[in-house]
Amino acid sequence: MRAVENLVYGIEALVRLFGRSAAWTCVVLVFMVASDVLLRYLFDIGAVWLQELQWHLISPIALFGMAYLLLNGEQVRVDVFYEHFPVAVKRTIEVLGGLTLLVMGLYIAWLTLPWVAQSFGRGEASPNPGGLPWRWLLKAFLPFGFTLLALQGLAHALRNALAIPAQGD
């Protein structure tokens with residue numbers, strides 16, 4: 001039982017790390033957009049790579065944020081019904097939901113691997129002059145983000161199935 005608890009805590013620590021990095025990426029993105037606007041309108045200076053980087057930063061925010069939302073219980077749920085269910089039904093729903101995310105996350109990650117490998121093999125870059133190289137790196141966030149979501153789904157299912165307390169409780 002202790003090994004399962006450690007597994008859950010380890011997965012959640014990893015998800016928390018990437019979730020916080022996504023949150024800080026949001027802060028960086030806000031400053032980048034603001035500086036891009038100021039440079040563009042005050043000094044008539046613009047850079048294609050800066051705009052592309054702004055678009056690219058949305059990817060890790062969304063993909064890492066999915067698992068982080070589940071970790072913090074912020075996933076979409078029909079609470080108007082859920083809140084009236086007995087604890088055993090709630091736990092069953094959470095376990096089934098976590099296992100579904102595990103399967104779906106791994107399947108989506110697996111489906112994206114050939115696409116990322118193809119992009120890497122071609123050395124795919126931005127088609128725009130002055131754009132960013134290494135577009136495959138952006139695409140690599142897809143399997144990584146969905147694997148992270150799958151891992152959090154597993155941790156969520158285990159936590160609810162075995163009534164594992166939150167760390168520090």
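The values are calculated or read from the model by the stated rules, or taken from the named source; none is laboratory data. Since the model is a prediction, treat every value here as computed from it, not as a measurement. Accessible surface is based on the protein model in full, side chains and every heavy atom, while ligands, DNA and RNA are left aside. Shrake-Rupley method; radii C 1.70, N 1.55, O 1.52, S 1.80 Å.
Annotation: amide H-H contacts under 5 Å for Leu132 (H modelled 1.01 Å from N, sequence separation of 5 or more, or interchain): Ser126. Between helix 48-71 and the chain there is an angle of about 0 degrees, using the helix long axis and the longest principal axis of the Cα atoms.
From helices alone, the chain scores -27500 deg cm²/dmol at 222 nm; the rule is -39500 (n - 2.57) for each run of n ≥ 4 DSSP H residues, then divide by the residue total. For the chain, how big is the tail of P(r) above 28 Å, as a whole percent of Cα pairs? Summing the P(r) tail past 28 Å for the chain gives 38 percent. Axis angle, to the nearest 10 degrees, between helix 141-162 and the longest C-alpha principal axis of the chain: 20 degrees.
Carbon and sulfur atoms: what percent of the 1.4 Å accessible area of the stretch 1-132 do they account for? Spell out each step's value before the answer.
Working: 6240 of 8680 Å².
Solvent-exposed carbon and sulfur of the stretch 1-132 make up 72 percent of the total.
Relative to the longest principal axis of the Cα atoms of the chain, the long axis of helix 87-122 lies at roughly 30 degrees.
If you wrap a convex hull around the alpha carbons of the stretch 98-164, what volume per residue comes out, as a whole number of Å³?
Working: hull volume 5.0 nm³, N = 67.
It is 74 Å³ per residue.
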